[in-house]
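Written out below as structure tokens is the structure these notes cover.
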Amino acid sequence: CISGHTEGTRMAYHPEWEDFGALCTSDIVKDNGLAYVPVLQTSSRPKTVVSDSAISGAQSQTTWPGSLVACDCHFYMIWHGVQKEADWNGGAGTTDIGFARLEPTDGTVLYKKWIVKGTATRERTTKLAILGTAKGCQRFAFGYGELSSFYIYPERYFIAELDGEGNLITDKLDVTAITEWQEDEKWVTLGNGDVAWGTTWKRNDNGNPHHVAMKPDGVTRVRDAYQCGCTYHGKNTGYGYTLLNSFHTKPTWGECKNQPNGCQYRDWGSSGFKTNEMFVTSLKASLRLGTPNANDAKIVPRDRHPDCDPQPKPSAMCRPEENE
């Protein structure tokens, strides 16, 4: 997909185009940025850089794909990252959320917009899925996480609705106390237009998701977790990450303690581990994901995006006479 160590791949099938598209990044070559490539084309695989990136440390990518969604004759994508390399500022900068509409055959960027930007926090873990059964690609479920520079994972999670140009058509809704999602989980559109995903988390004492890093009562622990390089802190709190050196981490389960000479990690093995549980979250298409705003009133119903042919090309999978 891309030179260097390819990572962060997102792939989706486009039924009109009858091919897959893929998004990917590299942990070494910053010039690659966030790239799009068609998958099954054998004569050539044009690579299109959709967004800039920066390398944090020796092998850590600041730009990461969230979702790739086929709708009408286009691909729609969402990601988090830097708008330009200088924005990372050696690790002191923030990341924003981008939205784009692509030509599936070669990744030509037809429309691009930064939809969450200019905040003092880092936005990431963003997702996109078609919401509802109406045609025209004008209603998407959108989610993202928000974190401070101390954390690896989001501290807060938000959902909202977007139109086909990446405009928020509802005010964002904080769902931190209800649900969460992770980078590699996919939001899917069900047959009735609802959006759903599955994830795992450990509950707090009140039954709500146990976000990193916090105590069982839901109080966050910023400095302890940051100084020790652990996303969870204390016995029986779950999996976390321990720093092996300046830029590599290792999944661990145990306890971090601040010592006079620095941080010390003690591995608890499997003793006393409180396992995560799996939860399925669904967003009902018949309900609004937040309060509709002025952008919502501007949407005009349509059967198809105006850039597309009036009649979609049927997929070969739907033409049995060609498959006999």
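For this structure, a couple of remarks:
- Of Ala134, Gly81, Thr95, farthest towards positive along the dipole that unit charges on Lys, Arg, Asp, Glu beta carbons give segment 61-143: Ala134
- Segment 64-73 - phi-based ³J(HN,Hα) in whole Hz, Karplus 6.51/-1.76/1.60, Gly and Pro as x: 9, x, x, 8, 10, 10, 8, 8, 6, 9
- Shown are Lys113, Lys127, Lys84, Lys135, whose ranking by accessible area with a 1.4 Å probe and every protein chain present, most to least, is Lys135, Lys84, Lys113, Lys127.
- 5 angstrom amide H check on Cys71, placed H, neighbours 5+ away: Tyr76
- Amide proton proximity set for Ala129, modelled H, under 5 Å, gap of 5+: Ala141
- The listed residues Met278, Met77 rank as Met278, Met77 when sorted by accessible area, largest first, using a 1.4 Å probe.
- Given Lys202/Lys284; Lys84/Lys186; Lys84/Lys113; Lys117/Lys186; Lys117/Lys172; Lys47/Lys127, the pairs whose alpha carbons are separated by over 20 Å: Lys202/Lys284; Lys84/Lys186; Lys117/Lys186; Lys47/Lys127
- Globularity ratio of segment 98-161, using Cα Rg and 2.2 N^0.38 Å: 1.32
- For Ile159, the accessible surface of its heavy atoms amounts to roughly 10 Å² (probe 1.4 Å, protein chains only, rounded to the nearest 10).
The values are calculated or read from the model by the stated rules, or taken from the named source; none is laboratory data. Note that the coordinates shown come from a computational prediction; the quantities given were computed from them, not determined experimentally. All Cβ positions, glycine included, derive from the backbone under ideal geometry; neighbour counts span all protein chains shown. These area figures cover heavy atoms from the full protein model, side chains too; ligands, DNA and RNA do not enter into them. Shrake-Rupley method; radii C 1.70, N 1.55, O 1.52, S 1.80 Å.
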